[in-house]
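Engineer: If you scroll down you'll find the structure; I have some questions about it.
The values are calculated or read from the model by the stated rules, or taken from the named source; none is laboratory data. Fair warning: this is a prediction, and the values are worked out from it, not measured in the lab. Note that we place each Cβ from the backbone using ideal geometry, even for glycine, and neighbour counts take in every protein chain shown. Accessible surface areas use protein heavy atoms only, side chains included; no ligands, DNA or RNA. Shrake-Rupley method; radii C 1.70, N 1.55, O 1.52, S 1.80 Å.
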Amino acid sequence: MSHIRTARRGSGRMLVLFAGPAVLIFLVFVVYPLVGTMAQGFFSDRSGATTFVGFANFVDVLTGDVQGPRFWNAFVNNIEFFLIHLVVELPLALLYAALLTSGRVRRLVGVYRTLLFIPTTLSVVIVAYIWRMIINPLWGLVDFPLLADESTALPTVALMSVWQYVGIPMIFLYSALIAIPHELVEASRLDGAGAWRIFWSIKFPLIAPQFGIISILTFIATFNGFDIIYASAGATAGPNYSTDILGTYFFRTYFGAGASAPDTYLGAAVAGLIFTILLIGTAIYFWFVQRRLTTHEL
């Protein structure tokens, strides 16, 4: 028994030694700022002194005459931003992954894979600048001012973001496709199944769980989005807030921009609402999607 206790103490010390610094860094730089920001949303200094106001800031953001319409406009735009990513990015990623694993580009598969992933490594500022030059109505390839029209500004910026980040879901699906046992594909070919039938009847069902993971990661990324909008349309998310999403709305509220004066306490409430939206969305995914996938696998 003494040997077992000594071994447990030794493993406990090793766990603290190796995991302790990482946990400490996580608590200091993630948990503490998160808790502090959430708590800040319950205070206000509009009366000249910092006072506890409870949920007043949250109510103002959700239902206020000024903040309410801005928040819900940003929220609806964020949903559209997310859906464009989901509807356009996922099929493109699946198409690229299927082509890279089809054997038709066997000699240059590494080159094509690298070229498709390179935009992901670029700075968002560079991506925004490149696409603003390409779609500029004066010297670009498009005669219509896509970023200056309220009906086309947000889809345009979303497609710019899709172009940059499509390489990430492509790598997920590519890795899942190459992990499929070769024996299954060969057995299907011996049974007379063609390439199309093999992909949709054999390969696609096996990689289907990846779509759930990609969807929730896309949800988190788009509802944390800020940089591509800021680099393309500025902090005011023009024209007329048509490209405004929760990230840019939070930036204007917390730091101030344009006609919006900075209010750190109100901005903290916005950050708390964004965190709550992400928490609810992630919980729904793990409860309804991941739970069913795990149960089905078991």
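Engineer: Going by the alpha-carbon gyration tensor, a ≥ b ≥ c the square roots of its eigenvalues, is the chain rounded (a/c under 1.5) or, if a/c is not under 1.5, prolate (a/b greater than b/c) versus oblate?
Structural biologist: oblate
Engineer: With charges only on Cβ, +1 for K and R and -1 for D and E, what is the dipole size of region 1-129 about its Cα centre, in debye, rounded to 20?
Structural biologist: Around 1080 debye, computed over region 1-129.
Engineer: Here's something else I'd like to know. Please give the solvent-accessible surface of THR264 in Å², to the nearest 10, using a probe radius of 1.4 Å with every protein chain present.
Structural biologist: Its accessible surface works out to 50 Å², give or take rounding.
Engineer: Follow-up question, since we're still on this one. Relative contact order for region 216-283: what percent, with Cα pairs under 8 Å and sequence separation of 6 or more?
Structural biologist: 27
Engineer: Explain nothing, just the number: relative contact order of region 1-148, from Cα pairs under 8 Å at least 6 residues apart, as a whole percent.
Structural biologist: 6
Engineer: Rounded to the nearest 10 Å², what accessible area does LEU159 have for a 1.4 Å probe in the complete protein model?
Structural biologist: About 90 Å², rounded to the nearest 10.
Engineer: Turning to a different aspect of this structure: Taking the Cβ of ASN240 as the center, what net charge do the other residues with Cβ under 15 Å away carry, scoring Lys and Arg +1 and Asp and Glu -1?
Structural biologist: -1
Engineer: Here is a further query. Would you work out the relative contact order for the chain, in percent, from Cα pairs under 8 angstrom that are 6 or more residues apart?
Structural biologist: 24
Engineer: Estimate the FRET efficiency between HIS182 and VAL31 by the formula 1/(1 + (r/R0)^6), using the beta-carbon distance for r and 45 Å for R0, to the nearest 0.05.
Structural biologist: The computed FRET efficiency comes out at 0.50.
Engineer: Could you state how much accessible area SER123 has, in square angstrom rounded to the nearest 10, with a 1.4 Å probe and all protein chains kept in place?
Structural biologist: 50
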